[in-house]
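Chemist: What follows is a single structure, and I will ask about it in a moment.
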Amino acid sequence: MKKQNYKHRYRETYKGIKIDIKADDPHALHDKVNARKRAIDRETIDKTISLSAFGLMYLETHKKNSVSASWYKDLCWIWRVIVAGIGNRNMNTIKPLQLQKYLNGLGGYSDSYIKKQYDLICQVFRHAYINGVTDTDLTLSLIKPKGVTATNGRSITDKERAALLHVLDGHRGELFCKLILYTGLRPSEVQALTWRDINFREKTITVSKSMKRNGSIGDPKTAAAHRTIPIPGHLLPLIRAQRSPDPFAQIFPLNLSWRLRMWRSVQREMNIYMGCRVFRNKLIPPLPLADDFTLYNLRHTYCTDLEKAGVPINIASRLMGHSSINITAKIYTHASTQALEMARDLIEKAAQ
């Protein structure tokens with residue numbers, strides 16, 4: 001077959017893409033070139049696109065249909081935080097030094113929080129390079145800074161327990177806090193409870209879901225978090241007093257701000273009960289309550305109470321919903337004097 005020879009030819013590198021167009025007359029060549037450029041315009045991304053726009057475009061294209069709705073929403077929130085920190089400038093003006101400077105500023109945060117931001121920055125800018133938005137891969141020299149390693153929390157002291165129970169009497173957060181303290185549920189698991197999860201006949205709570213940060217209900221933290229927890233007898237009257245006739249009704253509001261306000265109120269009342277002075281409705285430092293007194297400490301206390309009661313570590317791990325017995329062991333290794341004395345008594349009885 002004879003090769004066709006064209007009279008006119010046009011060659012150019014347009015937006016990083018080579019085009020080579022041939023035609024018999026200049027008008028046809030002009031039309032073909034314009035058509036090819038319009039196609040490239042549709043397929044390529046303007047290098048002056050803003051940091052915010054490109055990141056959201058990446059998330060919508062690569063994450064929206066491949067991750068859970070709650071995680072997608074969290075990723076969008078993380079990206080907005082990153083944009084606010086770096087500045088919403090054009091993608092092609094950003095330098096590796098600016099990205100590293102932003103990451104270094106996260107040094108005081110937790111390792112987990114830093115990793116989420118570092119990973120998202122790397123993903124977005126690698127795709128920016130792949131799509132020709134940046135001339136180089138800005139992530140090649142990035143270093144993830146070390147953050148603060150999250151602690152396992154602590155048990156509350158006898159003094160703190162006494163103040164807590166005093167303040168909780170009649171408080172709107174009484175049932176919420178006591179469920180954590182006496183059943184070891186995570187705060188997000190407590191907030192997801194409905195009345196059908198409470199079995200009054202068997203005196204148990206079934207954990208099968210958890211409240212996410214956006215207020216939606218999803219699976220618990222891990223597969224091991226699906227569990228059934230015994231309810232202490234002294235807690236049943238308080239639960240019955242608030243029982244709803246609708247088994248599908250939520251026991252607590254699906255609202256993170258409600259939980260935060262409730263806990264701040266508990267902390268404030270505990271500080272006052274423990275002797276803190278108040279001036280114009282404000283607490284006067286120093287505050288009697290330690291800075292590390294958190295809601296999650298109540299769950300940690302439940303675990304140490306299991307240890308003191310002589311509950312085997314494998315059973316405690318199941319009750320806590322830990323994914324590994326090693327997690328429970330980190331709490332159980334801090335053996336109390338009571339636990340050691342109990343172990344000694346059991347050994348002596350076995351030897352008799």
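The values are calculated or read from the model by the stated rules, or taken from the named source; none is laboratory data. All values derive from a computational prediction rather than experimental measurement. Positions of Cβ are generated from backbone atoms using ideal geometry, with glycine treated the same way; all protein chains shown enter the neighbour counts. For the accessible areas, the whole protein counts, side chains as well, though only heavy atoms, and no ligand, DNA or RNA atoms are used. Shrake-Rupley method; radii C 1.70, N 1.55, O 1.52, S 1.80 Å.
Chemist: Please work out if residue 159 is open to solvent by 70 Å² or more (accessible area, probe 1.4 Å), part of a loop (DSSP other than H, G, I, E, B), basic (Lys, Arg) and farther than 22 Å from residue 255 by Cβ.
Modeler: When the stated conditions are applied, residue 159 does not pass them.
Chemist: Here's a follow-up. Among the residues of region 314-352, what is the count of those that are of a type in the set (A, V, I, L, M), at pLDDT 90 or above and out of contact with any strand residue (DSSP E or B) (no Cβ under 8 Å at 6 or more places or on another chain)?
Modeler: Total satisfying the criteria: 3.
Chemist: Here's another thing I want to ask about it. Using beta carbons and a limit of 9 Å, which pairs, at least six apart or on different chains, have the first residue in region 278-296 and touching a residue at least 12 places away in the same chain (Cβ under 8 Å) and the second one surrounded by fewer than 16 Cβ atoms within 10 Å (Cβ to Cβ) and in a strand (DSSP E or B)?
Modeler: So the pair list comes out as 283/277.
Chemist: Turning to a different aspect of this structure: Condition first: in contact with a His (Cβ under 9 Å, 6 or more places away or on another chain) and open to solvent by 30 Å² or more (accessible area, probe 1.4 Å). Can you find one or more residues in region 172-193 that meet it?
Modeler: Taking every residue of region 172-193 in turn, at least one turns out to be in contact with a His (Cβ under 9 Å, 6 or more places away or on another chain) and open to solvent by 30 Å² or more (accessible area, probe 1.4 Å).
Chemist: Take the residues in region 138-155 that are out of contact with any Phe, Trp or Tyr (no Cβ under 6 Å at 6 or more places or on another chain) and surrounded by 15 or more Cβ atoms within 10 Å (Cβ to Cβ), then tell me which one is modelled with the lowest pLDDT.
Modeler: Filtering first and then ranking leaves 154.
Chemist: Could you list, in sequence order, the residues of region 194-210 that are on the phi < 0 side of the Ramachandran plot and either out of contact with any helix residue (DSSP H, G or I) (no Cβ under 7 Å at 6 or more places or on another chain) or surrounded by fewer than 19 Cβ atoms within 10 Å (Cβ to Cβ) (or both)?
Modeler: 194, 195, 196, 197, 199, 200, 201, 202, 204, 206, 208, 209
Chemist: Here's another thing I want to ask about it. All but one of (1) among the acidic types (Asp, Glu); (2) surrounded by fewer than 15 Cβ atoms within 10 Å (Cβ to Cβ); (3) without any contact (Cβ under 8 Å) to a residue 40 or more places away in the chain hold for residue 135; state the number of the condition that does not hold.
Modeler: The one condition residue 135 does not meet is (3).
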